[in-house]
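Asker: Pasting a structure below so you can have a look.
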Amino acid sequence: MVYELPPLKYSYDALEPLLDARTLEIHHGKHHAAYVKNLNAALESYPEQLANPIEALLSDLDAVPDAVRLAVRNHGGGHANHSLFWATMAPDGGGMPGGSLAKAIEKDFGGFDTFKDQLSTKAMKHFGSGWAWLSSDTSGGLSVVSTSNQDTPLSFGRVPLLTLDVWEHAYYLKYQNRRADWVAAWWNVVDWGEVARRYEEAMS
Ligand code: MN3
C-alpha cells in the first residue's frame, strides 16, 4: 500500500479568479504530488507505517521510527495538510457556516467576524512558510493557530477542520508579496458545508 495524491473535487480553473488555475495546477500536481512521492519513498522500508492513514502517523509522531520521523512530519504533513486544504474549498464557497459549527464559533470566539479576524491575523502574521488553522478538541472546543512548515494540529492532539496555506507557492504567481490579498480571497472559496461535516464527525 502507498499514499496517493487525492483528486480534486473541482477542475483547476474552478476557483478562478480568486485562486488561479496555473497556481492550483502546480500546487496540486507538483507540490502536493512531491510530498506524496517523498513520503512513499521514505516509508518504502517501513510497510507497517505505510499501512496507517497518514493522520494516524501525524497524531503520534513519537511512535514513528526515528529514521523516518522527520520525513513523516514534513512530507506526511504536506500530504495531510494539502488534502484538507483542497477538500475545504469549493467554487460556490464563502459565506458562513450553519448548524453546530456556527454555534461553537459563536461560543468560542463571540461571533463569526471575530473568528475570521483571528484566523486572518494568524495567517498574515505567520513568519515564513506555514498554515493557519481552525481546529477542534474532541469535545468540540475550537481554536485558531498557525503552524510552521508542514506541522499540523494533529500532532498536538487536535482535529484540523479548516486550513489556509500561507507558503508563497500557494499565492505568489497571482498575488506576489500580497499575502493579505490571498487571505481575503480565500475566504470566498471556503466550503463551509465540508468544514461543518468534519466538525460533527470529530465530535461523534
Ligand atoms: Mn502548499
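No value in this document is a laboratory result; all are computed from the given coordinates. Please read all numbers here as calculations on a predicted model, not as lab measurements. Please note: Cβ atoms are built from the backbone with ideal geometry, for glycine as well, and neighbour counts cover all protein chains shown.
Asker: Hand me the list of helices (runs of 4 or more DSSP H) wholly inside segment 133-204 holding 2 or more residues that are of a type in the set (Ser, Thr, Tyr).
Answerer: 172-175
Asker: Please work out which residue is nearest to the ligand (Cβ to nearest atom), limiting yourself to segment 139-193 and to residues that are of a type in the set (Asp, Glu) and within 18 Å of residue 55 (Cβ to Cβ).
Answerer: 165
Asker: Across segment 73-117, what is the number of residues that are in a loop (DSSP other than H, G, I, E, B) and farther than 24 Å from residue 13 by Cβ?
Answerer: 5
Asker: Okay, moving on. Quick test for you: out of 78, 93, pick the one residue that is within 16 Å of the ligand (Cβ to nearest atom), within 27 Å of residue 182 (Cα to Cα) and surrounded by 16 or more Cβ atoms within 10 Å (Cβ to Cβ).
Answerer: On the way: 93 fails: within 16 Å of the ligand (Cβ to nearest atom).
Sole residue among the options that is within 16 Å of the ligand (Cβ to nearest atom), within 27 Å of residue 182 (Cα to Cα) and surrounded by 16 or more Cβ atoms within 10 Å (Cβ to Cβ): 78.
Asker: Same structure, new question: Residue 46: away from the ligand (no atom under 16 Å from the Cβ), in contact (Cβ under 8 Å) with a residue 12 or more places away in the chain, under 24 Å from residue 181 (Cβ atoms) and out of contact with any strand residue (DSSP E or B) (no Cβ under 7 Å at 6 or more places or on another chain), yes or no?
Answerer: Criteria not met by residue 46.
Asker: Could you grab the pairs with beta carbons closer than 7 Å, sequence gap of 6+ or different chains, first residue in segment 96-122 and charged (D, E, K, R), second one assigned to a helix (DSSP H, G or I)?
Answerer: 116/187
Asker: Any residue that is buried (at least 19 other Cβ atoms within 10 Å of the Cβ), within 16 Å of the ligand (Cβ to nearest atom) and of a type in the set (D, E, K, R) - is there at least one of those in segment 7-26?
Answerer: Checked against the condition, which is being buried (at least 19 other Cβ atoms within 10 Å of the Cβ), within 16 Å of the ligand (Cβ to nearest atom) and of a type in the set (D, E, K, R), segment 7-26 yields no hits at all.
Asker: Just to be sure I understand, how many residues within segment 143-165 are under 21 Å from residue 112 (Cβ atoms) and crowded, with 22+ Cβ neighbours inside 10 Å?
Answerer: So the count comes out to 6.
Asker: Still on this structure: Do we have any residue at all in segment 49-70 that's within 16 Å of the ligand (Cβ to nearest atom) and more than 18 Å from the chain's Cα centre (by Cα)?
Answerer: Taking every residue of segment 49-70 in turn, none turns out to be within 16 Å of the ligand (Cβ to nearest atom) and more than 18 Å from the chain's Cα centre (by Cα).
Asker: Checking residue 62 against (1) surrounded by fewer than 17 Cβ atoms within 10 Å (Cβ to Cβ); (2) touching a helix residue (DSSP H, G or I) at 6+ places or on another chain (Cβ under 6 Å), only one condition comes out false. Which one?
Answerer: Single failed check for residue 62: (2).
Asker: In segment 130-141, what residues are touching an Asp or Glu at 6+ places or on another chain (Cβ under 7 Å) and either without any contact (Cβ under 8 Å) to a residue 40 or more places away in the chain or surrounded by fewer than 20 Cβ atoms within 10 Å (Cβ to Cβ) (or both)?
Answerer: The one that is touching an Asp or Glu at 6+ places or on another chain (Cβ under 7 Å) and either without any contact (Cβ under 8 Å) to a residue 40 or more places away in the chain or surrounded by fewer than 20 Cβ atoms within 10 Å (Cβ to Cβ) (or both): 141.
Asker: Residue check: is residue 56 part of a helix (DSSP H, G or I) and free of Cβ contacts under 8 Å to residues at least 60 places away in the same chain?
Answerer: Answer is yes for this residue.
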